[in-house]
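No value in this document is a laboratory result; all are computed from the given coordinates. On a predicted model such as this, the values are computed, not experimentally measured, just so you know. Backbone-built Cβ (ideal geometry, glycine too); neighbour counts: all protein chains shown.
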Amino acid sequence: MVQRATRKGVRMSVVLGFANLLTLAVFAAYLRPDFSRAFSFIDGLALFNGFLFFCGQWFSVQSVRKGDLVVHSSALGFKVLIVATLSASVGLEKAGAGLFGGALLAAFAVYMVTGATAERWKTNRETLGLTLLACVFFATNDFLTGWKSNEAGAARWLLLMMITAGTLSIGILIPSWRDVKSMLGAKATAWPTLGAGVTLGVQSLLVNIAFSRYEEPALSNIAYSTRGVMAVFFVWAVTSREKSALGWRQLLGAALMVAALALVLV
């Protein structure tokens, strides 16, 4: 939906702004936070976590706009390795030798997904770089939610987090109000933009509830990162009859990424 909106001429800042505002709306509609107690340091950390979330969203959508969806979705699996390392460092989760094996296998998997040739690597290096930057911000965000959200109260933490992201999004939408008006005025641009925001909001709510409720962000990310394989399958299904269809290297790379993520559990 992000790619469709941008291909119709919607600016990426508008897509990102609406996505975060709709995510805030989804969080506010579902969560019932307790705001009766005074503001504390943990609440400030929740607001900072919203900044991390916003940065992760920014680099992620830039990656999707500029390059291959399969490369983006598969490379985003690196996030779990960062989360696992951070979680293990504070005793939130255990990480054994499988973490190191998973990191090496994940690196090879990304190489395969990007085409396993120097030419393809050069073509996809910007997508990969932006995705890895998104991984750093998202992973830190996920880790802090799994580690500290229950100290503030999960609902309060998550809503404060999204209030920060929503406020930053208003800041980037105000200078683009003409583009916003134009986007909302046409069905061809309004529906994919709003659809991207709602789907991003629902998936973000679900995964953050998992982080805060079970306090196992690395394990949750392992399940979540299988979306790379889903992306490969969906793209393969719609391009299998075209000359640009996915090659065996990309299919193998996606499967290896799942294997790499599973090794983190060892």
> What spacing in nm lies between the two simple spin-label points modelled at residue 176 and residue 28, each 7 Å away from Cα in the Cβ direction?
Replying inline: 2.0
> How large is ³J(HN,Hα) for each residue in the stretch 8-24, as worked out from phi by the Karplus curve 6.51 cos²θ - 1.76 cosθ + 1.60 (θ = phi - 60°), to whole Hz, x for Gly and Pro?
Replying inline: 7, x, 6, 5, 4, 5, 6, 4, 5, x, 5, 4, 6, 5, 5, 5, 4
> Given the Cα-Cα distance of residue 47 and residue 213 and 0.36 nm per residue of separation, how much length would full extension add, in nm?
Replying inline: 57.9 nm
> What list of ³J(HN,Hα) values in whole Hz, one per residue of the stretch 124-129 in order, does the Karplus curve 6.51 cos²θ - 1.76 cosθ + 1.60 (θ = phi - 60°) give from phi, with Gly and Pro shown as x?
Replying inline: 9, 5, 5, 4, 5, x
>> Report the Cα centroid-to-centroid distance between the stretch 118-174 and the stretch 181-228 in angstrom, as an integer.
In response: 12
> Taking K and R as +1 and D and E as -1, what net charge do the other residues with C-beta under 11 Å from the C-beta of residue 216 add up to?
Replying inline: -1
> Between residue 249 and residue 4, what is the FRET efficiency for a Förster distance of 30 Å, r being their Cβ-Cβ separation, to the nearest 0.05?
Replying inline: 0.65
> Computed FRET efficiency, Cβ-Cβ of residue 237 and residue 206, R0 41 Å: what is it to the nearest 0.05?
Replying inline: 0.95
